[in-house]
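The values are calculated or read from the model by the stated rules, or taken from the named source; none is laboratory data. Since this is a predicted model, take the numbers as computed values, not measurements. Because the Cβ atoms are built from the backbone with ideal geometry, glycine has one as well, and the counts that use them run over all protein chains shown. All accessible areas refer to the heavy atoms of the entire protein, side chains included, with ligands and DNA or RNA removed. Shrake-Rupley method; radii C 1.70, N 1.55, O 1.52, S 1.80 Å.
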Amino acid sequence: MNQKQMLTELFLLGSQRCHPKNSLPDALSTIASTPKGKTIVLGAGKAAAEMAAVAVQHLTGTVEGAVVTRYGYGENVDTGAVEVIRASHPVPDNNSILASQRILEKAMTATADDHVVFLVSGGGSALLCSPCEGITLDEKKAITKSLVLSGASITDINLVRKNLSKIKGGRLASSVSPARLSTYIISDVVGDDPADIASGPTVYTAECRKQALDILAKYNIAISNQVKQAILNNSSASDAGGDVHVVAKNMDALRVIAENLNGSDRQAIILGDAWQGNASEIGRLHAQEINIRCKTPGLYALISGGELTVEVRNSEGKGGPNLEYLMGLMLALDTPYDVEAIACDSDGIDGSQDNAGGYINSTSLARAKDASLDVEEYLATNNSYELFRALGDLIVTGPTGTNVNDIRIILVDSREN
C-alpha cells in the first residue's frame, strides 16, 4: 500500500468512527422505555437518512416520521416507515421547503403520549428551509449564496439562517409540545454547540436578530428594508427543547486516527479541531508548523480538523476548501523533510464536485511546474479541482454517511538520510 492509499484509509477510519452505526446506538440505548403512543423520528442533515436507519433498528414500538438529506445521500439505507426527502445543499430549493412543511406536519401530530426523536447532522440548516414571514425563498437563497461566496464562517452563516427561519433556533421545539423531545446530533460545527449545528431547530437560541444584521453588513451583503424588518419581527423560540445529545464530533475522528498512527513508529500530534479561516492561508500556516513541530529526527503525523472557508473570486471555478488548503500548504513547503498530506471533508464531498479532497507530497509543486500548471493561478481562480485532477491527486470516496467537518493529516519524515 502506498502512502496516498494509507492516508485515504486513515481518513475513512476517522469518518467511520463518526458514522451513525458506530456513534448513535449507545446514545439511543439511554431511552428508558417505549412511549405509550408512537415514536416520531424527524431529522435533517447529510447523515439524516443513515441516522434514521439506525434509529428504526433500535427503537421499539410504533416508529414513523420524516427526514431530509442532500441529493445523492442515503440512497441504499432502510429507514422503515420514516420517509426520506432529498433537497439541495448548500443553497436550498423547493424540496427544502416541502421537507420543512412535511417535518412540521409530523411534529404537530405529536401528542403527550408520543416521543419525538430529532436527528441532526451538518447540512441540515440549508436542507430544512422554512423562511419566516416577509421573506421569500428566492430572497433567502440569494442571502445564503452571498454568504457562502463571501467566505463567511459556518457559524456566521447559520446565525443568519436562524433569523431568516420560522423553524430554526429552537422554533421547531414548540411544534412538538406536549410530546417528549430528544435530540441526537452529529456535529459539524467548531465548538460543537448544539444550538449552532444545523442552526439548532430544537435547541433554544437567545434573541440575536441584531447580530444577524451585523453579520450581513460585515460581509457587505445588501438586503431590502422589507427583509430587514422581517428579521427584526421574526418570532422568538420557546426556552424548552427536551434532552440533547452530541453523539459524534470532529475530535472523535482525529483521536481514532492519532491512536492508529501512535500504534506504529510515528508520533501523532493533534493540532486541534477548531481551525477556521481562509483555507489556503491555514495551509501556509501548517507548512510552518512542520518546521516547528518536527525538529527532532523521526516520523510524525500532524492531524487537524475544523472547518475552513474559501473566498470565491471566480463563480465558475471548481473546487473546495480542502483542495485550497493543500495548495496553500504546497506553495509554502520550505523544508528538507519528506512530506505527504491529505485533506478531505468527512462527508465525502469537498465543495460541489465529486471528490472528498486531495493529496500532495514534497514533489507536487515540481510535478505541477513540469506539467506547465501554474498553482498560484489555479488558486487565484478557485480552480483547485482542475489542478488536482491534472495531477491525478483527487481523493474520491463518495458520501461517507456522516459529517464532522474536515480531516487533515500531514505525514513528516524528518529522519536524517
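What do you get for trypsin sites (Lys or Arg not before Pro) in the stretch 256-347 restricted to DSSP loop and a cutoff of at most 12 other Cβ within 10 Å of the site's Cβ?
Of the trypsin sites (Lys or Arg not before Pro), the ones in loops of the stretch 256-347 whose Cβ has at most 12 other Cβ atoms within 10 Å are 295, 313.
How much length is gained on full extension from residue 245 to residue 95, taking 0.36 nm per residue of separation minus their Cα-Cα distance? Numbers along the way, then the final one.
Working: separation 150, 0.36 × 150 = 54.00 nm, distance 2.77 nm.
In short, 51.2 nm is gained.
Suppose R0 equals 35 Å. What FRET efficiency, 1/(1 + (r/R0)^6) with r the Cβ-Cβ distance, do residue 133 and residue 62 give to the nearest 0.05?
0.50
Using the Karplus equation 6.51 cos²θ - 1.76 cosθ + 1.60 (θ = phi - 60°), what ³J(HN,Hα) coupling, rounded to whole Hz, does each residue of the stretch 301-315 give in order, writing x for Gly and Pro?
9, 9, 10, 8, x, x, 9, 8, 10, 10, 8, 7, 9, 9, 5
In the chain, what percent of the accessible surface is made up of carbon and sulfur (1.4 Å probe, ligands and nucleic acids excluded)? Intermediate results must be reported in sequence, preceding the final value.
Details: 7550 of 16450 Å².
Carbon with sulfur: 46 percent of the solvent-accessible area.
Sequence-distant or interchain residues sharing an amide H contact under 5 Å with residue 270, placed H: which?
303
Please work out the FRET efficiency for the pair residue 233 and residue 416, using the Cβ-Cβ distance as r and a Förster radius of 56 Å; give the result to the nearest 0.05.
Working: r = 67 Å, r/R0 = 1.20.
Between residue 233 and residue 416 the formula returns 0.25.
I need the GluC sites (Glu not before Pro) found in the stretch 83-149, filtered to DSSP loop residues with at most 14 other beta carbons within 10 Å of theirs. Let's see the in-between values first.
Working: sites: 83, 105, 133, 139; in loops: 133.
The qualifying sites are 133.
Counting pairs of alpha carbon atoms under 8 Å apart in space and at least six apart in sequence, what relative contact order in percent does the chain give? Walk me through the numbers before you get to the answer.
Values: 998 pairs, mean separation 71.2, N = 417.
Relative contact order of the chain: 17 percent.
Could you provide, to the nearest whole Å², the per residue accessible area of the chain with probe 1.4 Å? Walk me through the numbers before you get to the answer.
Values: 16450 Å² over 417 residues.
Per residue, the chain has 39 Å² of solvent-accessible surface.
Which angle between 0 and 90 degrees, to the nearest 10, do you get for helix 154-163 versus the longest principal axis of the chain when only C-alpha atoms count?
Roughly 20 degrees, rounded to the nearest 10.
Taking a label point 7 Å from the Cα of residue 334 along the Cα→Cβ vector, which residues of the stretch 261-305 have an amide N closer than 14 Å to it?
Answer for this model: 284-292.
Show me, for the stretch 268-276, the HN-Hα J-couplings you get by feeding each phi into the Karplus relation (A = 6.51, B = -1.76, C = 1.60, θ = phi - 60°), rounded to Hz, glycine and proline as x.
Karplus values, whole Hz, x for Gly and Pro: 8, 10, 8, 7, x, 10, 10, 6, 9.
Convex hull volume of the Cα atoms in the stretch 234-319, per residue, in Å³?
Numbers: hull volume 15.9 nm³, N = 86.
For the stretch 234-319, the hull spanned by Cα atoms encloses 185 Å³ per residue.
Within the stretch 206-228, list the residues whose amide N lies under 18 Å from a label point set 7 Å along Cα→Cβ of residue 177.
Counting only backbone N, you get 206-207.
For residue 395, list long-range residues whose amide hydrogen, built 1.01 Å from N in the peptide plane, is under 5 Å from its own amide hydrogen.
356, 357, 358, 359
Any chance you could check the Cα centroid distance between the stretch 352-386 and the stretch 32-93 for me, in angstrom?
The distance from the Cα centre of the stretch 352-386 to that of the stretch 32-93 comes to 38 Å.
Run through every distinct alpha carbon pair of the stretch 147-249 and return the Kirkwood hydrodynamic radius in angstroms, one decimal place.
14.2
If contacts are Cα pairs under 8 angstrom and at least 6 residues apart, what is the relative contact order of the stretch 208-338 in percent?
Details: 128 pairs, mean separation 33.8, N = 131.
So the answer I get is 26 percent.
Counting only DSSP beta bridges with both residues in the chain, what percent are antiparallel, rounded to the nearest 5?
Values: 22 of 61 bridges.
Of those bridges, close to 35 percent are antiparallel.
Quick check on packing: order 337-348, 268-279, 71-82, 188-199 by the mean number of other C-beta atoms within 10 Å, highest mean leading. Don't skip to the end; give the middle numbers.
Numbers: 337-348: 25.8, 268-279: 18.8, 71-82: 16.3, 188-199: 23.6.
Going by the mean number of other Cβ atoms within 10 Å, highest first, we get 337-348, 188-199, 268-279, 71-82.
Probe 1.4 Å, all protein chains in place: accessible area of residue 137 in Å², nearest 10?
Rounded to the nearest 10, the figure is 30 Å².
Can you give me the Cα centroid spacing of the stretch 112-169 and the stretch 217-294 in angstrom?
One Cα centre to the other: 18 Å.
Just reorder 219, 300, 204 by solvent-accessible area, largest first, 1.4 Å probe, all chains present.
Values: 219 50, 300 20, 204 90 Å².
Order by accessible area, largest first: 204, 219, 300.
Once the Cβ-Cβ distance between residue 352 and residue 75 is put in as r, and R0 is 22 Å, what FRET efficiency do you end up with, to the nearest 0.05? Provide the component values of the computation, followed by the final result.
On the way: r = 18 Å, r/R0 = 0.83.
Approximately 0.75, to the nearest 0.05.
Using 20 Å as the cut-off for backbone N distance, which residues of the stretch 284-309 belong to the label zone defined by a point 7 Å from the Cα of residue 219 along Cα→Cβ?
In the stretch 284-309, the label zone of residue 219 (backbone N under 20 Å from the point 7 Å along Cα→Cβ) covers 306-309.
Once you put a point 7 Å from the Cα of residue 210 and another 7 Å from the Cα of residue 264, both along the Cβ direction, what distance in nm separates them?
Here the answer is 5.4 nm between the modelled labels.
Enter the angle in degrees (range 0 to 90, nearest 10) between the Cα long axis of helix 321-332 and the first principal axis of the Cα atoms of the chain, meaning the one along which they spread out most.
The two axes meet at around 20 degrees.
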